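This report refers to the structure that appears directly beneath it.
Every read-out reported here was derived from the displayed coordinates using simple, explicitly stated rules and does not represent laboratory data. Please read all numbers here as calculations on a predicted model, not as lab measurements. Backbone-built Cβ (ideal geometry, glycine too); neighbour counts: all protein chains shown.
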Amino acid sequence: MFKRLKAGFESLKAGLTRTHNAIMGSVESTLTGVSREVLLERLEESLISSDVGVRTSAEIVDRLRSVLAGWDNEKLKQHLKSYIYDILKVVEKPLEINKSPFVIMVLGVNGVGKTTTIGKLASRYSSEGKSVVLAAGDTFRAAAIEQLEGWGRRAGCPVIKQAHGGDPGAVAFDAMKAAVARRADVVILDTAGRLHTKVNLMEELKKVKKVVSREVPDAPHENLLVLDASTGQNALNQAKLFNEAVGVTGIALTKLDGTAKGGIIVAIAGELKIPIRFIGVGEGIDDLRDFDASDFVEALI
Amino acid sequence: MLESLSEKFRKILRDVRGQGTLSESNIQEALKEVRLALLEADVNFTVVKDFISSVREKAMGKDVLESLTPGQQFTKVVHDELTNLLGGEDAGLELKGRPAAIMLVGLQGSGKTTTTAKLALHLKKRGRNPYIVPADLFRLAAVLQLKKLASEVKIDCFDSEGMQNPPDICREALRVAGIKGYDIILVDTAGRLHIDSGLMDELKTLKDILRPSEILFVADSMTGQDAVNTAKGFDDVVGITGVVLTKFDGDARGGAALSMRVTTGKPIKFIGTGEKVDCIEVFHPSRLAGRILDMGDILTLVEKAQSTFDEKQAQELQQKIKKDTFTLEDFKNQLQQIKKLGSIESILSMIPGFSAMKQAKDVKIDEKELSRVEAIINSMTMEERTNPSILNASRRQRIARGSGTKVSDVNKLINQYQDMRKMMKKLKKAGPRGLKGLFQNRM
């Protein structure tokens, strides 16, 4: 168990190495012979180029400016770490499965990795001994249903589906009925990727949610928004608009194993304060981990 | 699309225009805002720096400061530099050899598979004979997805059933394409990270086999600061020939478009503008710069209309208007043609000033309105469609029930139709000269 945790931390750290270099590398390499202002300016630049965002970066640098008398490398690093940790700590809230059936509705724009995230979640919950039902609510994209079925086979859980092009509301209805009948512990509902600006598609999502809550009281218990770590400031808009439409209760940040800085998570945490549940650090089936603020900061800086 | 950025630019430029003359200090102020706008739009940090310094240099020049309309001059400088940044000229596909190969590469989830089908359809519409080759064996159901898309657009797709690796697929597909006489093959590859050297080597192998005339890097337009690194990473290993920007119909501010072009030096060739297979457009740098500055994009709209509207139908319609026999059935056909153009919102966004109007009046566009109108007309008998004057109360009630609308909706539609007929009559009477007067009254 401990070994596995350790391995997880290592892969997170490996995934974020480039980010680490981006933030501290440029600062450290130019530490000698520059004024404090130049140093802070460079730090601000590194934060912005890690997708932390203009506003959040300026805030962090302003705070550093106010406390930092000299320019001690170690102190600067410590302060920076603790500020980012403060921001991230607030949103470190792992998902608790505390109802039965516990319904998770998975949302996001196209191509962020919703179906893959569902596959990983399914195998995780199954291996914990929970009975999981998957619902193929993406009836729009070609072969999305088959993709989810593939994951269902791997995790050994049933997939509730209808034909391609069918009504996602009807799939949700069937899935809730099936989950109740089978006394499933967890239901994970896939939805078609949609750009947050498409009014009609967001309306469709509201409808699906309504169907779910009619069949299972207080469900969905989690509206999990999946965000791609390489997304820039647009991720904020995505989170805002999905939140306005159906209420986002948690975020999964995928594809952190690339060179993407993932700094957007700091911006989202700072501005929206939506709990960050999971981070995806690789393509393997157990590369989806609970978000841990201090690990993340350690890996980042 | 790109709305927030154009919004910001407009505000900045309005402020600058407000000053009768430009001074160094207010140019500095405006440039600061431009910098912020670009950074928030995810334009790469170093690209922004270069852009600002080149705009500053030009804006401080005599041409701007001493001109009578410094604000407009400043706008022009920003516009020109932006166009410059996006790469002045349109860049088409350069297809050599028979079959000419196009490889699509990129990160996971950028939209390669969808783009492969879209691009194939785009080429087919231009008289080519494309062949789709699915070589993404990694993602679950990726091959199936492409097969389904291919059959949707009626383009042949290579059957890779039972084949275990992408190089074999490419070799075999080339052979088959040669025999069957396809002139272009489009190869969809698995999504990969540019730092994954194993998978990048595989791309090199595929490149050696295919000898493609185009290697297109497919990138999500919502990508953040890292866009330049990934694009450069792929370019360094396989040498990309161009970029396709996907998901351009969202509210992404398009910073990736600006920066990738600058750092790789490779042109952006296409943009993906919707979920349907025909939602792909050739990228026009100057038009996009105009769109960022909210000068509209009438040219794209006209082109779209030309490719969608049926010439013969249009002539028939003209005749009908002349003879005053425009029926509800014709009205429905018109609506269907408009729908083919794309969503109303995407059409309107190409009209200059629209995004400002939308912000000011908080316009919500109801895409369902068209379908509702169609449903109402579909619930009428042919007789009612050609001769709406017979529509009495009970008929209207029946139509409302049949189309799932209210009688008031039916009434509204019929009133609109009558108004339209009146307009057409006026048009006919007034002739071409009267057209202007007519519209002035309406404005």
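List of remarks:
- For A:Lys89 and A:Ala170, the FRET efficiency from 1/(1 + (r/R0)^6), where r spans their Cβ atoms and R0 equals 41 Å, is about 0.50.
- Over 26 Å apart at the Cα level, from the set A:Lys99/A:Lys177; A:Lys114/A:Lys207; B:Lys124/B:Lys368, are B:Lys124/B:Lys368.
- Put the Cα centre of the range A:135-176 next to the Cα centre of the range B:219-281 and the gap is 31 Å.
- Computed from phi, the 3J(HN,Hα) profile of the range A:177-187 under the Karplus parametrisation 6.51, -1.76, 1.60 (θ = phi - 60°) reads 4, 4, 5, 5, 4, 8, 6, 5, 7, 9, 10 Hz, with x in place of Gly and Pro.
- Peptide A:133-141 is shielded by partner chain Cβ atoms: per residue, an average of 1 of them sit within 10 Å of its Cβ.
- At R0 = 41 Å, FRET efficiency that the Cβ-Cβ distance of B:Lys323 and B:Asn129 yields, to 0.05: 0.45
- Spin-label model, A:Ile97 to B:Asn387: label points 7 Å out along the Cα-to-beta-carbon direction sit 6.9 nm apart.
- Label sites at B:Arg395 and A:Lys177, each approximated as a point 7 angstrom past Cα along Cα to Cβ, lie 4.2 nm apart.
- Label-point separation, A:Lys81 to B:Asp278 (7 Å along Cα→Cβ), nm: 5.9
- Neighbour counting of Cβ atoms within 10 Å sorts the residues B:His284, B:His194, A:His164, fewest neighbours leading, into A:His164, B:His284, B:His194.
- Amide H to amide H distances under 5 Å link A:Gly108 with A:Arg194, A:Val226, where only residues 5 or more positions off or on other chains count and H is placed in the peptide plane.
- Two-site FRET efficiency, A:Glu203 against B:Glu374, from Cβ-Cβ distance with R₀ of 22 Å, rounded to 0.05: 0.70
- In sequence order, calculated HN-Hα J values of the range A:262-275 (Karplus, 6.51, -1.76, 1.60; Hz; x Gly/Pro): x, x, 4, 5, 5, 4, 5, 4, x, 9, 10, 6, 7, x
- Charge sum, other residues only, whose C-beta stays under 13 Å from B:Leu174's C-beta, Lys/Arg counted +1 and Asp/Glu -1: +2
- Net charge over other residues, Cβ less than 11 angstrom from the Cβ of B:Asp136 (K, R count +1; D, E count -1): +2
- For the range A:158-301: rounded, prolate or oblate by the Cα gyration tensor [a/c cutoff 1.5]: prolate
- Ignoring the sites themselves, chain A has its longest run without GluC sites (Glu not before Pro) in a DSSP loop having at most 12 other Cβ atoms within 10 Å at A:129-301.
- Against chain A, whose longest principal axis is taken from its Cα atoms, helix A:54-67 shows a tilt of about 40°.
- Full-extension gain in nm, B:Ile338 to B:Gln416, via 0.36 nm per residue minus C-alpha separation: 26.4 nm
- Only beta bridges with both residues in the range B:100-294 are counted; by DSSP, about 10 percent of them are antiparallel.
- As a proxy for reagent exposure, A:Ser123, B:Ser197 were ordered by neighbouring Cβ count within 10 angstrom, fewest first; the result is B:Ser197, A:Ser123.
- Taking amide H as placed 1.01 Å from N in the peptide plane, the amide H of B:Ile195 sits under 5 Å from none that are at least 5 places away or on another chain.
- For the range A:39-50, the Karplus equation 6.51 cos²θ - 1.76 cosθ + 1.60, evaluated at θ = phi - 60°, returns couplings of 4, 5, 4, 5, 5, 4, 4, 5, 5, 4, 6, 9 Hz by residue, with Gly and Pro reported as x.
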